[in-house]
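*Asks:* Here you go, one structure.
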């Protein structure tokens, strides 16, 4: 099955081709006269593949596309009048003939630097251009390794009146702009012919509360794309950009416009560091890092890892020690008055846990369905109580445990009274919305309770012996949430857990305002947050990313009031096995950070 369709009206002229081969089909689409973009989908069997291909074909024909194979018609570009063609060709010829063509190119494409700090990114890209030429009615810039920057002819602004101003500006200069590799795949800045529902399935995301058919798609990025938010604005009063990956994840970008997005991605593809990006700056200067100590546990051999949890106010480090022997987990307490030379206070056998929290002088150790309570007093530790139950996401507050679970009989939000040892169901929203709340976390501030789940964020108002659900917002962006801070009762900071960092991990800021919960704003996408601490109105993080089976670490700073971030690479900490050798905890002091590793080593970093 192979079909070649075209569509033409007063404002556009585009094509859409589909070719089926076995269990997969390939779709190529774009403006007439361009190479367009290519997407391939693969299915379990040929029947499903053919059925889906016929469905897409029928939808295009219904929209007015014409099958060229049946009509014998071919596409011709009609983007500009003959006079327009002559005018822009004269300008392009001046660029090609210029003695310093790179300087002329920077002036010509200056309109792309539509966000502060991106003119330098543009300059860095253009400085890599080896040759410029006019080819197939396009201005083509040639780079090494087969990359091409292809700029189409000017577009007519009348065709883009429903688009944001910054996008209209781009189309006036070039109706299409692409950076492609030798396989002719890459990024395309133009009117992208994808249906928000039929092609992107945005009705299954948190954008489903908006009129999806009105969503504009200004740029595609291989199999991913960029969307304009239907309502929210950036600091330029333009629609905010959202990066939408092929896995269905929505990622709010930092505060920039589509030109800056194109430049940033181009720089990445060409191997440049777009360090001028104001919202996320990776510092090139290296921090000073050195080993200063080691956690000691003399009576345990064959240690696999030491997972540390730091409590700065109590000057206490709690560690889970895992060895190769059966039932050999240890709970160890260290005094960290001197953070680089911890003093072992006590260790206990056969205590396993995944998370540790501290409430005043009560230590909470969470393990699966269990919670251990330990009282800390004068550097002595006394077990108080162990509670078994389906208490995922448990949070202790005023002698009560708030928890949720997906087990049928416990589905929803519950409360366990520590004094009476009774359980009460507070809300069945989880049952109604079929939540995966085994991944949930809970935080409480003043009279509000936040429940952050795999598929939703729910905000409750605490009442005497019950809760009132204020709002439930579905999402699909936070896979394993852990609330690490409440900036205030209306703003929470959520980290995605670090067990196996992948493309979806990030830090999230979630805000309740104007009776709505915003779509989570993501920072440090595609990185795992492995350690954090709030110190003097800033957040400090150790981030983990992976490349070629290697774990890479960086040190990051985030200022919530300005959303300004800095990130420093830590090449000295690169390792093969995160669980055995990676960073697991951080302790901040003035102009110094202490990093605790899973092998017990302690490092300090300075110079940030």
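*Asks:* Percent relative contact order of region 82-279, based on C-alpha pairs within less than 8 angstrom and at least six residues apart?
*Replies:* In percent, rounded to a whole number, it is 19.
*Asks:* Assuming R0 = 51 Å, can you tell me the calculated FRET efficiency for the pair residue 488 and residue 162, based on Cβ-Cβ distance, to the nearest 0.05?
*Replies:* Rounded to the nearest 0.05, the efficiency is 0.85.
*Asks:* Next question. Need one number: nm distance between label points at residue 111 and residue 286, each 7 Å from Cα along Cα→Cβ, rounded to one decimal.
*Replies:* Computed distance between label sites residue 111 and residue 286 equals 4.4 nm.
*Asks:* Which length gain, in nm to one decimal place, applies between residue 608 and residue 515 when the Cα-Cα distance is subtracted from 0.36 nm times their residue separation?
*Replies:* 29.6 nm
*Asks:* Let me ask something else. Sorting 266, 223, 240, 124 on the 10 Å Cβ count, fewest up front, what's the list?
*Replies:* Exposure proxy ranking, most exposed first: 223, 124, 240, 266.
*Asks:* What does the convex hull of the alpha-carbon atoms of region 82-279 project to on average, in nm²?
*Replies:* 11.3 nm²
*Asks:* Pop the C-beta distance of residue 41 and residue 464 into the FRET formula with R0 = 35 Å and round what comes out to the nearest 0.05.
*Replies:* 0.05
*Asks:* While we're here: Quick check: pseudo-label points 7 Å beyond the Cα along Cα→Cβ at residue 270 and residue 298, how many nm apart are they?
*Replies:* 6.1 nm
*Asks:* While we're looking at this one, here's another question. Please work out the FRET efficiency for the pair residue 185 and residue 447, using the Cβ-Cβ distance as r and a Förster radius of 51 Å; give the result to the nearest 0.05.
*Replies:* 0.45
*Asks:* Give me the extension gain from residue 344 to residue 127: residue separation times 0.36 nm, minus the current Cα-Cα distance, reported in nm with one decimal.
*Replies:* Fully extending the segment from residue 344 to residue 127 adds 72.4 nm.
*Asks:* Can you sort 355, 55, 264 by how many other beta carbons sit within 10 Å, fewest first?
*Replies:* Ascending Cβ contact count within 10 Å gives the list 55, 355, 264.
*Asks:* Let me ask something else. Using 0.36 nm per residue of separation minus the Cα-Cα distance, give me the extension gain between residue 580 and residue 547 in nm, one decimal.
*Replies:* Result for the pair: 10.1 nm of gain on full extension.
*Asks:* Is region 317-398 best put as rounded, prolate or oblate by its Cα gyration tensor, with a ≥ b ≥ c the root eigenvalues, rounded for a/c under 1.5, and otherwise prolate when a/b is larger than b/c, oblate when not?
*Replies:* Oblate is the answer for region 317-398, as a/c is 1.5 or above yet b/c matches or exceeds a/b.
*Asks:* Using a 10 Å cut-off around each Cβ, can you sort 226, 163 from fewest to most neighbouring Cβ atoms?
*Replies:* The fewest-first ordering by Cβ neighbours comes to 163, 226.
*Asks:* What distance in nm separates the simple spin-label points at residue 201 and residue 379, each placed 7 Å from Cα in the Cβ direction?
*Replies:* Calculated label separation equals 5.8 nm.
Quick note: the coordinates plus some simple rules give every number you see, no bench work behind them. Values in this document were obtained by computation on a predicted structure and should not be read as measured data. Cβ: placed from backbone, ideal geometry, glycine included. Neighbour counts: every protein chain shown.
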